[in-house]
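A.B. asks: Got a structure for you, questions after.
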Amino acid sequence: MKKIQCFVSKHNKISDIDDRVYGSFIEHMGRAVYTGIYDPDHQSSDEQGFRTDVIDAINDLNVPVVRYPGGNFVSGYDWKDGIGPKVERPTRLDYAWFSIETNQFGINEFADWAKKAGTQGMIAVNLGTGTPQEAGYLAEYCNLQKGTYWSDKRISHGYEQPHNFKVWCLGNEMDGPWQTCAMTADEYAKKARETAKILKWVDPDIELVACGSSSKEMATFPEWDRTVLEICYNEVDFISLHRYYEYEGDKQSFLAAYHDLDDFIGTIKATADYVKAQQRSDKVMMLSLDEWNVWYIKHMDQKRWQWAPPIAEDVYSLMDALVVGGLLTTIVNNADRVKMACLAQLVNALAPIHTDANGGVLKHATYYPFQQVSNYGRGAVYKNTVDCDAIQTEKYGKVAEVATLTTFDEAAGELAFFALNINLDEDIDCHLNISEFGELTMIDRQVMQGADLFAVNSFAEPSNVVPKAETVTEGKATQFQVTLPKATWTMFRFRVQ
Ligand code: AHR
């Protein structure tokens with residue numbers, strides 16, 4: 001068996017982890033909202049129409065922040081359509097997904113739902129068809145106590161207390177030709193800067209995210225990011241990144257996606273730091289990876305002008321779960337700059353949770369690595385020195401065959417070690433040296449593996465692809481000999497004495 005060494009030094013802390021890296025995303029897209037989180041006719045729904053079985057599944061993911069209401073949807077959305085008595089709300093065309101939007105779920109329903117789901121809202125404003133003024137009104141409606149037209153309007157709708165949303169996105173993917181009212185970097189940046197000024201005047205405590213490139217493949221990348229930051233540097237707190245991967249017939253490249261994400265993050269960090277230097281600024285621009293996932297976008301089938309049509313209801317395989325695990329290692333290993341990240345999305349539309357409109361909830365394979373890292377990858381992240389081989393991939397060149405992540409939660413007295421072995425043929429014997437953390441007891445070892453990388457979960461076989469608990473090394477130790485089987489994702493947890 002191949003042998004590798006992994007050394008983790010307590011003196012080599014990368015950063016404390018901002019819990020918001022375990023965020024997710026609910027967009028008015030397909031069945032994410034309607035028949036997803038909101039379904040007044042469903043047997044499990046509460047008095048507000050929120051599916052409690054879906055909330056339970058989300059609670060287990062421990063998601064601290066949820067981005068809403070889009071995504072592409074937001075660029076043609078008038079938030080005012082979704083407030084007030086439901087019978088008076090207009091039905092509109094949603095230009096993003098060519099769907100019918102009934103507006104039965106709006107910003108107030110989202111605020112209530114977020115409380116029940118134990119999460120905070122990250123609100124995107126419409127900078128496509130919307131104006132800076134309308135974005136300001138939304139902030140006033142949501143965050144101002146009382147005494148103005150829009151804050152009093154909220155009170156008249158039954159919400160005495162403001163929602164106090166603390167993070168706001170200045171539009172969505174405005175570099176994309178598919179976006180309603182897409183623009184050039186210069187046009188966007190000026191609109192975003194003026195909107196940012198209004199939003200911070202309304203509530204100085206909020207944080208703002210400017211749209212970065214919607215992918216590395218955009219012809220305008222990374223010029224877009226440079227231009228936007230040059231114009232908005234003082235007004236915003238984050239630049240956003242979006243990144244999706246899909247299997248296109250080459251397993252090795254797909255499993256190496258974690259490496260590509262690291263490269264993307266590195267380029268945006270460098271671009272942001274260039275602007276910081278150019279502007280002689282002390283401020284470090286943080287990164288919000290507010291859309292990431294595996295997404296079979298090429299297989300999308302869109303029906304025109306239907307209400308809550310199934311869109312992008314990808315059924316995720318074991319291989320997709322391994323890729324999601326790898327992407328999580330990259331996100332958390334960059335926790336010094338990536339302070340927010342959103343798994344896109346959460347329910348039904350390219351999501352780990354799938355609902356049957358008349359039945360139950362299914363957890364896809366990708367649910368599990370996210371659940372593990374979100375629950376146990378808290379505290380601080382430490383640099384791993386790993387001496388493994390590199391594998392040749394078609395898309396990304398040579399990529400380390402093992403991706404690892406070590407987190408230490410001092411308050412909980414727990415250390416977690418996550419590892420993805422992308423070698424399709426060989427198991428790897430890893431000597432894990434974590435002696436600087438003292439004596440440790442292995443309390444959990446869970447592996448996701450299987451002979452069939454394309455295996456999926458279904459309502460008939462909901463536990464076909466789930467992590468399996470394996471025997472742990474007995475006794476206290478400071479170094480561990482652990483096997484990372486070929487094409488697997490493994491989580492180890494240790495109690496620190
Ligand atoms: O998450 C699905 C879509 O992907 C979002 O609406 C958009 O921002 C991105 O292109």
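A.B. asks: For a Förster distance of 25 Å, can you work out the FRET efficiency between the beta-carbons of Lys116 and Ala357, rounded to the nearest 0.05?
C.D. replies: That pair, Lys116 with Ala357, gives E of 0.80.
A.B. asks: I'd like the accessible area for Arg495, computed on protein heavy atoms only with a 1.4 Å probe and all protein chains in place. Round to 10 Å², please.
C.D. replies: 110
A.B. asks: Another question, if that's okay. When the Karplus curve 6.51 cos²θ - 1.76 cosθ + 1.60 is applied with θ = phi - 60°, which whole-Hz ³J(HN,Hα) does each residue of the stretch 405-414 get, with x for Gly and Pro?
C.D. replies: Result, rounded to whole Hz: 8, 10, 10, 10, 9, 4, 4, 8, x, 10.
A.B. asks: Still on this structure, please answer the following. Taking 0.36 nm per residue of separation and subtracting the Cα-Cα distance, what length does fully extending Val472 through Glu223 add? Mind showing how you got there, number by number?
C.D. replies: Numbers: separation 249, 0.36 × 249 = 89.64 nm, distance 4.94 nm.
Full extension of this stretch gives 84.7 nm more.
A.B. asks: Moving to a separate point now. Nearest 0.05, what FRET efficiency do Tyr274 and Gln43 give at R0 = 51 Å with Cβ-Cβ as r? Can you show the working numbers first?
C.D. replies: On the way: r = 55 Å, r/R0 = 1.08.
The computed FRET efficiency comes out at 0.40.
A.B. asks: Let me ask something additional. Nearest 5 is fine: what % of DSSP beta bridges in the stretch 280-392 come out antiparallel, could you say?
C.D. replies: 40
A.B. asks: Further question on the same structure: Once the Cα atoms of helix 367-376 and of the chain are each reduced to a long axis, what angle between those two axes, in degrees from 0 to 90 to the nearest 10, is obtained?
C.D. replies: In the chain, helix 367-376 runs at an angle near 80 degrees to the longest axis.
A.B. asks: What is the distance in Å between the Cα centres of the stretch 450-497 and the stretch 173-229?
C.D. replies: 41
A.B. asks: What accessible area, in Å² to the nearest ten, does a 1.4 Å probe give for Trp307?
C.D. replies: 120
A.B. asks: OK, next. With a 1.4 Å probe and all protein chains left in place, how much of the accessible area of the chain comes from carbon and sulfur atoms, in whole percent?
C.D. replies: 49
A.B. asks: Suppose each label sits 7 Å from its Cα in the direction of the beta carbon; what would the Thr385-Ser15 distance come out to in nanometres?
C.D. replies: 2.3
A.B. asks: Next up: Compute the distance in nm between two label points, each set 7 Å from the Cα along the Cα-to-Cβ direction, one at Gln306 and one at Asp425.
C.D. replies: With each label point 7 Å from Cα toward Cβ, the separation is 4.5 nm.
A.B. asks: Accessible surface of Ile123 in the full protein assembly, 1.4 angstrom probe, to the nearest 10 Å²?
C.D. replies: Estimated to the nearest 10 Å², Ile123 gives 0 Å².
A.B. asks: Starting from the residue with the highest accessible area, list Glu410, Glu194, Glu248, Glu173 in decreasing order, probe 1.4 Å.
C.D. replies: Highest to lowest solvent-accessible surface, that is Glu410, Glu248, Glu194, Glu173.
A.B. asks: Can you give the FRET efficiency for Ile155 and Lys486, using 1/(1 + (r/R0)^6), R0 = 56 Å, r = Cβ-Cβ distance, to the nearest 0.05?
C.D. replies: 0.40
A.B. asks: Right, here's the next one. Using the Karplus curve 6.51 cos²θ - 1.76 cosθ + 1.60 with θ = phi - 60°, work out ³J(HN,Hα) for each residue of the stretch 244-257 in order, rounded to whole Hz, and write x for Gly and Pro.
C.D. replies: So the Karplus estimates, Gly and Pro as x, are 10, 10, 9, 6, 10, x, 10, 4, 4, 5, 4, 5, 8, 3 Hz.
A.B. asks: Here is a follow-up. Here is the link list: Lys115/Lys197; Lys251/Lys398; Lys80/Lys153; Lys269/Lys339. Which ones come out longer than 18 Å on Cα distance? Walk me through the intermediate numbers first.
C.D. replies: Working: Lys115/Lys197 28 Å; Lys251/Lys398 14 Å; Lys80/Lys153 11 Å; Lys269/Lys339 12 Å.
Among Lys115/Lys197; Lys251/Lys398; Lys80/Lys153; Lys269/Lys339, the Cα-Cα distance tops 18 Å for Lys115/Lys197.
A.B. asks: Debye sum, Cα scatterers, the stretch 326-410, no solvent: what log₁₀ I/I(0) at q = 0.11, 0.13, 0.16, 0.20 1/Å?
C.D. replies: With one equal scatterer per Cα and no solvent, log10 I(q)/I(0) is -0.43, -0.58, -0.81, -1.04.
A.B. asks: Please report, in Å, the Rg and the Dmax of the chain, where both are computed over Cα atoms only.
C.D. replies: When restricted to Cα atoms, the chain yields Rg and Dmax of 22.5, 70 Å.
A.B. asks: Then there's this: Please work out the average accessible area per residue across the chain, using the 1.4 Å probe convention, and give it in Å².
C.D. replies: Details: 18590 Å² over 497 residues.
Counting only protein heavy atoms, the per-residue value for the chain is 37 Å².
The values are calculated or read from the model by the stated rules, or taken from the named source; none is laboratory data. Model, not experiment: these values are computed from the prediction. Note that we place each Cβ from the backbone using ideal geometry, even for glycine, and neighbour counts take in every protein chain shown. Calculation scope for accessible area: heavy atoms of the full protein, side chains included, ligands and nucleic acids excluded. Shrake-Rupley method; radii C 1.70, N 1.55, O 1.52, S 1.80 Å.
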